[in-house]
Amino acid sequence: MSKERARRRAERLAVLEREKAVRARKVARRQRRRVLVKRLTPRIGRPGRIYRRSRGQRIGIVLVPLLATAAVWLLVPDVALRVVLTIVIVMALPALVVLILGKRP
């Protein structure tokens, strides 16, 4: 009787060990997958790296050149001059943003 109990207990322990090993492999695999995904996904919003402007400044940066371009296309009759002035607006925009708003808050 005690040999039978010992055998059954050994079988139960063997099954538990197998299940434990399977669980450990799954956990390790999940961990490796998480590390890989974390390494491959780009990091967004690193503080201190990219200066963020306020919402009003960003709206102004978009709206003012659009209004200037609309004014050029409505008020200037020559198409070639319209294109040149539009290119000038686009090329001068980064410099004007830095001059008017500055690099830092």
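Bear in mind these aren't lab numbers, they're just calculated from the coordinates by the rules spelled out. As the structure is a prediction and not an experimental result, all values here were calculated from the model. Glycine gets a Cβ as well: all are built from the backbone with ideal geometry, and neighbour counts include every protein chain shown.
For residue 26, the lysines whose Cα comes closer than 28 Å to its Cα, not counting residues fewer than 8 places off in the same chain, are 38.
Considering only the Cα atoms of the stretch 1-41, their convex hull presents on average a projected area of 2.2 nm².
With θ taken as phi - 60° and the Karplus curve 6.51 cos²θ - 1.76 cosθ + 1.60 applied, the whole-hertz 3J(HN,Hα) list for the stretch 70-77 is 5, 4, 4, 6, 8, 9, 9, x Hz, x standing for glycine and proline. Backbone geometry of the stretch 56-63 corresponds, through the Karplus equation with coefficients 6.51, -1.76 and 1.60 at θ = phi - 60°, to 3J(HN,Hα) couplings of x, 5, 5, 5, x, 4, 7, 6 Hz, x marking Gly and Pro. In the elastic network of the chain, a GNM with C-alpha springs shorter than 10 Å, the most mobile of 25, 58, 43 is 25. With R₀ fixed at 30 Å, the C-beta to C-beta distance from residue 76 to residue 99 puts the FRET efficiency at about 0.75. Note on the chain: dipole from Cβ charges, positive end direction compared against 61, 79, 35; the farthest Cα belongs to 35. How much space per residue, in cubic angstrom, does the convex hull of the C-alpha atoms of the chain take up? Enclosed volume per residue, from the Cα hull, is 198 Å³. The Rg/Rh ratio for the stretch 59-105 is 1.06, where Rg is the radius of gyration of the alpha carbons and Rh is the Kirkwood radius. Of the residues 86, 69, 41, the one that moves most in a GNM of the chain with alpha-carbon contacts below 10 Å is 41.
About its Cα centre, the dipole of the chain is roughly 1780 debye, where the only charges are +1 on Lys and Arg Cβ and -1 on Asp and Glu Cβ. In the chain, the longest principal axis of the Cα atoms and the axis of helix 79-101 are about 60 degrees apart. Other residues whose C-beta falls under 14 angstrom from the C-beta of residue 10 contribute a net charge of +4, scoring Lys and Arg +1 and Asp and Glu -1.
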